[in-house]
Amino acid sequence: MSASRYAYLGPEGTFTEAALRSMPEAATRELAPMVSVAAALDAVRSGAAAAALVPIENSVEGGVTATLDELATGEPLMIYREVLLPISFALLVRPGTALADIKTVTGHPVSQPQVRNWLAANLPDAVWESAASNGDGARLVQEGRYDAAFAGEFAASRYGLEPLVTDIHDAQNAMTRFVLAGRPARPAAWTGADKTSLVLWLGDDHPGALLELLQEFSARGVNLVRIESRPTGEGIGRYCFSVDCEGHITDRRVGSALMGLKRICPKVRFLGSYPRAGMSPEDMAPLRHGTSDEAFAEAAEWLARCQDGRA
């Protein structure tokens, strides 16, 4: 395995690269751009890279389905950290291009909903075609295949382009969340401001099946921060659920919830416990009464006394 290489969704000039370079350890790693999310994660599975940074969620468009599906299938991987990156687009063009000259535009599919209103107001007749990434869109403009691309302003110099318009976004404070995935090992250390990610499969389709899953979290005071259904590929109506919850697997409430889920689900994939980006223990909501580690320990001690006749 190449311990010094980190893969990411390329080519150069993507928001994923910008997010990766925001990590201090990136300065000491070889950064390897990949053509797709699948290729980046497969580089980890094959040992060609120690880890891969990929987008998983956008505050406007929601989950990045390619990442959710890749983490749910194939050889297991684990998430060790997350990175949040503010997203603002620039309209990149070849030198000398005016707004009136633009007939075709490109960018990553997740980008379009974030600039749809701006496009309608400023380039209503332009034809949009998706690119594999925003960096790839910039490259295609450089090659003359499109007139303009929506990408990060930082990508302009890498592809000999000019930012014709900057700071484009339909939604204020748009963010994309990225995760660093590696081979399965011990989870990242507990910090007190953690997140745990899972994929859950229902045993069968019956009334209340999803409620039964949710009750495993609710009964233990574990807060869900994201839940999404994804098709399993086994037929219409067959879904798995991608879940993020607050807490670390070593927190008793989280560990107990995972054990409960394992009892009722035919398959549970643990994707890791890791620090929540931009959060400290002081930022976390207070625990509900009876859900702290101390409360679980006291309950276990009480049960032991009952079993021993000491209650």
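The values are calculated or read from the model by the stated rules, or taken from the named source; none is laboratory data. No experiment lies behind these values; they were computed from the predicted model shown. As a convention, Cβ positions derive from the backbone with ideal geometry for all residues, glycine included, and neighbour counts pool all protein chains shown. Note: accessible area is taken over every heavy atom of the protein model, side chains too, but ligands, DNA and RNA are not part of it. Shrake-Rupley method; radii C 1.70, N 1.55, O 1.52, S 1.80 Å.
Multiply the residue gap between ALA171 and ARG186 by 0.36 nm, knock off their C-alpha separation, and tell me the result in nm, one decimal place. Present the calculation step by step, with values, prior to reporting the outcome.
Values: separation 15, 0.36 × 15 = 5.40 nm, distance 3.78 nm.
1.6 nm is the gain from fully extending ALA171 to ARG186.
Using alpha-carbon pairs under 8 Å, 6+ residues apart, how would you state the relative contact order of segment 121-197 in percent?
Values: 31 pairs, mean separation 13.4, N = 77.
Result for segment 121-197 is 17 percent.
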Original post:
Check ALA131: other-chain or 5+ apart residues with amide H under 5 Å from its amide H, H built from backbone geometry?
Top reply: GLY107, HIS108
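Once you have the Cα-Cα distance between GLN112 and ARG145, take 0.36 nm times their residue separation minus that, and quote the gain in nm to one decimal.
10.1 nm
For the chain, what does -39500 (n - 2.57) per DSSP helix run (n ≥ 4), summed and divided by total residues, give at 222 nm, in deg cm²/dmol to the nearest 500? Can you show the working numbers first?
On the way: 8 runs with 83 residues, N = 311.
It comes out at -8000 deg cm²/dmol, rounded to the nearest 500.
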Original post:
Hey, what does the equivalent ellipsoid look like for the chain, semi-axes from the Cα gyration tensor as sqrt of 5 times each eigenvalue, largest first, whole Å?
Top reply: 42, 20, 18
Subject >> Cut-off under 5 Å, modelled amide H: who pairs with TYR146 long-range >> reply: VAL141
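Could you give the length gained on full extension between SER229 and CYS306, defined as 0.36 nm per residue of separation minus the Cα-Cα distance, in nm?
Working: separation 77, 0.36 × 77 = 27.72 nm, distance 4.18 nm.
Full extension of this stretch gives 23.5 nm more.
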Original post:
Computed over the Cα atoms of segment 154-292, what is the convex hull's projected area averaged over all directions, in nm²?
Top reply: 12.9
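In a shell of Cβ-Cβ distance under 13 Å around SER4, excluding SER4 itself, what net charge do Lys and Arg (+1) and Asp and Glu (-1) give?
On the way: positive: ARG5, ARG29; negative: GLU25, GLU30.
In short, 0.
Output the Kirkwood hydrodynamic radius of segment 1-88, Cα pairs only, in Å rounded to one decimal. Intermediate values should be presented prior to the final figure.
Values: mean 1/r = 0.0761 Å⁻¹.
The answer is 13.1 Å.
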Subject >> Label-to-label distance, nm, for residues given as MET279 and ARG238 (7 Å Cα→Cβ offset) >> reply: 3.4
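When the expected Rg is taken as 2.2 N^0.38 Å, what fraction or multiple of it is the alpha-carbon Rg of segment 125-172?
Normalised by 2.2 N^0.38 Å, the Cα Rg of segment 125-172 equals 1.11.
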Original post:
Spin-label point model (7 Å from Cα, Cβ direction): what's the ALA38 to LYS267 distance in nm?
Top reply: 1.7
Subject >> Antiparallel DSSP beta bridges within segment 1-121, as percent of all bridges there, nearest 5 >> reply: 20
Original post:
Using Cα-only point scatterers and the Debye equation, what is log10 of I(q)/I(0) for segment 48-139 at each q in 0.13, 0.19, 0.23 Å⁻¹, rounded to two decimals?
Top reply: -0.57, -1.00, -1.30
Original post:
Based on the Cβ-Cβ distance from GLN215 to THR250, what FRET efficiency comes out when R0 is 25 Å, to the nearest 0.05?
Top reply: 0.65
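Which three numbers, in whole Å and largest first, are the semi-axes of the equivalent ellipsoid of segment 216-280 derived from its Cα gyration tensor as √(5λ)?
23, 15, 10
Computing the accessible area with a 1.4 Å probe over protein heavy atoms, can you report the carbon and sulfur percentage for the chain?
Working: 7700 of 14770 Å².
Carbon and sulfur together cover 52 percent of it.
At most 15 other Cβ atoms within 10 Å and a DSSP loop assignment: could you name the GluC sites (Glu not before Pro) in segment 111-207 that fit?
Working: sites: GLU129, GLU143, GLU153; in loops: GLU143.
Qualifying residues, ordered by number: GLU143.
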Original post:
Debye sum, Cα scatterers, segment 114-226, no solvent: what log₁₀ I/I(0) at q = 0.10 1/Å?
Top reply: -0.60
Original post:
Zone of GLU75 (label point 7 Å along Cα→Cβ, backbone N under 11 Å): which residues in segment 38-55?
Top reply: 42-49
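With a 10 Å radius around each residue's Cβ, average the other Cβ atoms per peptide and rank 83-92, 292-301, 203-212, highest first.
Numbers: 83-92: 21.3, 292-301: 13.0, 203-212: 10.2.
By packing density, highest mean first, the sequence is 83-92, 292-301, 203-212.
Percent relative contact order of the chain, based on C-alpha pairs within less than 8 angstrom and at least six residues apart?
Values: 639 pairs, mean separation 61.9, N = 311.
Contact order relative to length: 20 percent.
How much accessible area per residue does segment 54-116 have, in Å², with a 1.4 Å probe? Walk me through the intermediate numbers first.
Values: 2350 Å² over 63 residues.
Result: 37 Å² per residue.
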**OP:** Provide the solvent-accessible area of ASP308, counting protein heavy atoms only and rolling a 1.4 Å probe, rounded to the nearest 10 Å².
**Re:** 100
Original post:
If amide H atoms are built 1.01 Å from N in the plane of the peptide, which residues on other chains or at least 5 residues away come under 5 Å of the amide H of ALA51?
Top reply: ALA7
